[in-house]
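Q: Structure provided below as structure tokens; questions to follow.
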Amino acid sequence: MFNDRVLGRGQVTPEKGVSRPLKDFFYSLVRPHHYPSLMPQIGTVESYETPLGFHRFSCDFGEWAERAHNEPSDHYSPVPYYLYCRSIELALKAFLLARGLSKQDIASSRLGHSLMSLLTKAREHGLDSLVSVKPTWEQELARADDQYTKKDFEYFTVRFHLTHKPSPDILRELSRELRVSIRQACLDAADGPPPPHVATANAAFEAKRRRRKSAA
């Protein structure tokens with residue numbers, strides 16, 4: 001996993017009532033840049049979320065998906081499918097963040113949790129230069145996308161047991177390839193200058209802070 005140099009420490013002043021595990025977890029996902037307006041307000045936050053947090057979670061979901069996938073079972077389980085899909089979703093979103101898109105961009109209704117929409121958007125931003133997506137991967141991802149967005153991997157439905165399911169082996173291959181291939185791009189983005197939307201938001205925050213200070 002990423003070390004302290006990569007993950008950094010946010011300049012955070014947690015408020016009372018925020019548990020230490022939550023504080024430590026929060027620290028592990030932020031960079032020491034001064035981007036206060038783009039963080040959830042847990043106390044006074046002066047950092048922003050980089051692609052590394054999304055990449056880290058993608059790795060976690062992917063690793064647990066493989067454990068569930070490899071675990072002998074006497075019944076059919078949707079768990080590996082869901083975890084692989086979540087890993088792929090977060091990997092694609094991490095890549096888009098690394099390419100300068102904002103969290104608002106990747107959370108838009110046009111993208112949402114759609115794996116195929118995220119893949120298309122990532123390709124528009126140069127994913128193919130890092131990952132060669134095989135036709136079989138794309139085919140199985142499209143099949144998984146339909147069931148993933150309908151939450152068939154989360155809630156029991158008759159449709160889930162009657163539909164043709166994607167290959168977990170192929171989802172595993174895609175998840176692994178994405179996580180490995182985009183890692184350096186995420187590192188570079190986290191250690192590089194802030195993207196334009198961050199600088200703009202931060203400038204607005206500083207202007208507002210100065211106005212409040214002069215009015216006090």
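Q: Of the residues Gln147, Gln139, which is polar (S, T, N, Q), over 17 Å from Lys93 (Cα atoms) and touching a Phe, Trp or Tyr at 6+ places or on another chain (Cβ under 8 Å)?
A: Gln147
Q: On to the next question. Can you spot a residue in the stretch 55-62 that is touching a residue at least 24 places away in the same chain (Cβ under 8 Å), in contact with a Lys or Arg (Cβ under 7 Å, 6 or more places away or on another chain) and among the charged types (D, E, K, R)?
A: No, the stretch 55-62 contains no residue that is touching a residue at least 24 places away in the same chain (Cβ under 8 Å), in contact with a Lys or Arg (Cβ under 7 Å, 6 or more places away or on another chain) and among the charged types (D, E, K, R).
Q: Continuing with the same structure: Which pairs turn up if I take residues in the stretch 173-194 that are free of Cβ contacts under 8 Å to residues at least 60 places away in the same chain and look for partners that are assigned to a loop (DSSP other than H, G, I, E, B) and not polar (S, T, N, Q) with beta carbon separation below 7 Å, at least 6 apart in sequence or on another chain?
A: Qualifying pairs under 7 Å: Glu177/Val131; Ser181/Leu130; Ser181/Val131.
No value in this document is a laboratory result; all are computed from the given coordinates. Fair warning: this is a prediction, and the values are worked out from it, not measured in the lab. Note that each Cβ is placed from the backbone with ideal geometry, even for glycine, and that neighbours are counted across all protein chains shown.
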